[in-house]
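The structure appears right after this line, and notes come after that.
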């Protein structure tokens, strides 16, 4: 039984989202949808926005991010550093609201281009083309792949890659379970499922609450010296659950999981201070993944 | 012999504001039927003729029941069920 961490915090802006952002912009350029000087618009809880902001800066685009107000201050600071403009959406409803606000702005400003990470195939394709092949090359004995479920791009791309190249690999989704504020929809019909999502690519899907996510984030720090963000703790929790099942079944397993980003952007949330209960209280109501 | 069911804010109008209630039954289908008997109307918000509604996610001990046996998933009184609306990440 071995667990392998794929360190996606080592990307240029410090998160796995650099892969999707670069590929979405390159694809839009190749299709002639965008050219330097134009304005891009994106709903984001942070990491995709930061990645897009870097690429937009390098390629000569203006970027406007619609981001829920309950995200860490570091995300705002990093977006500002890369020259992005931020429009905030209400905390209640989380990213659903950011998507709704961004779609409204896109309709009002037909000259802005929304790459739309939730429905852009170039997002998943980035992982089909890079993350998946890297995993197979570095870990040919891989049996399980565990990643976070947000836009679903990582899981869809890597899952499809293994579906073709090594179909026995189990594809496991870890979904963050936030505080109640984030689920504060007015009705169930306001729910949101990314257009990229195809359930048939996944083997199983786990919901991981803040206490488990924080506990694993700290264990990763203390045991392995890996300083990761809170969503990585949620992913590790699901990976350890899968590992426990394999051990109980007497099976060999090489489980690869994604370290989405480093902990730097979450220092101000209180996630790394005090007791776990205190940290859980501190991130209540925050979009921590 | 009752299983804990955690109810999201938008469905608490049916449970008198309770965040968690209990229900009995050997499968998720039976649990939802029992919930609906005690809290009339909640069942129709969770399922329709084709099964679980599109924007409703149900977890058995944190695992999405769509990847278990769906409404036929076996439930015991040692399990906990969590109902959540589907929300975006990213």
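The values are calculated or read from the model by the stated rules, or taken from the named source; none is laboratory data. Bear in mind the structure is a predicted one, so any value in this text is a computation, not a measurement. Cβ sites come from the backbone with ideal geometry, for glycine too, and all protein chains shown count toward neighbours.
A few points about this structure:
- Residues being out of contact with any strand residue (DSSP E or B) (no Cβ under 8 Å at 6 or more places or on another chain) and either under 14 Å from residue A:201 (Cβ atoms) or more than 7 Å from every other protein chain (Cβ to nearest Cβ) (or both) - total across region A:164-188: 9
- Residue in region A:24-31 that is within 14 Å of another protein chain (Cβ to nearest Cβ), more than 27 Å from residue A:255 (Cβ to Cβ) and in contact (Cβ under 8 Å) with a residue 60 or more places away in the chain present: yes
- Conditions (1) more than 15 Å from residue A:18 (Cβ to Cβ); (2) under 17 Å from the mean Cα position of the chain (by Cα): number failed by residue A:117: (1)
- Remark: residue A:97 falls outside the filter, which requires a residue to be away from chain B (no Cβ under 11 Å) and either within 30 Å of residue A:159 (Cα to Cα) or touching a residue at least 60 places away in the same chain (Cβ under 8 Å) (or both).
- Among the residues listed as A:211, A:267, the single one being over 30 Å from residue A:1 (Cα atoms) and either part of a helix (DSSP H, G or I) or assigned by TED's automatic domain parsing to the domain that holds residue A:158 (or both): A:267
- Of all residues in region A:56-73, those that are over 25 Å from residue A:30 (Cβ atoms) and surrounded by 18 or more Cβ atoms within 10 Å (Cβ to Cβ) total 6.
- Selection from region A:66-90 of residues that are in contact with a strand residue (DSSP E or B) (Cβ under 8 Å, 6 or more places away or on another chain) and assigned to a helix (DSSP H, G or I): A:75, A:76, A:79, A:80
- Residue check, residue B:17 assigned to a loop (DSSP other than H, G, I, E, B) and either over 20 Å from residue A:172 (Cα atoms) or away from every other protein chain (no Cβ under 14 Å) (or both): yes
- Checking each residue in region A:252-275 for being free of Cβ contacts under 8 Å to residues at least 40 places away in the same chain, over 16 Å from residue A:229 (Cα atoms) and touching a helix residue (DSSP H, G or I) at 6+ places or on another chain (Cβ under 9 Å) picks out only A:274.
- Residue selected from region B:34-44 under the condition surrounded by 18 or more Cβ atoms within 10 Å (Cβ to Cβ) and out of contact with any helix residue (DSSP H, G or I) (no Cβ under 6 Å at 6 or more places or on another chain), by the criterion nearest to residue A:189 (Cα to Cα): B:39
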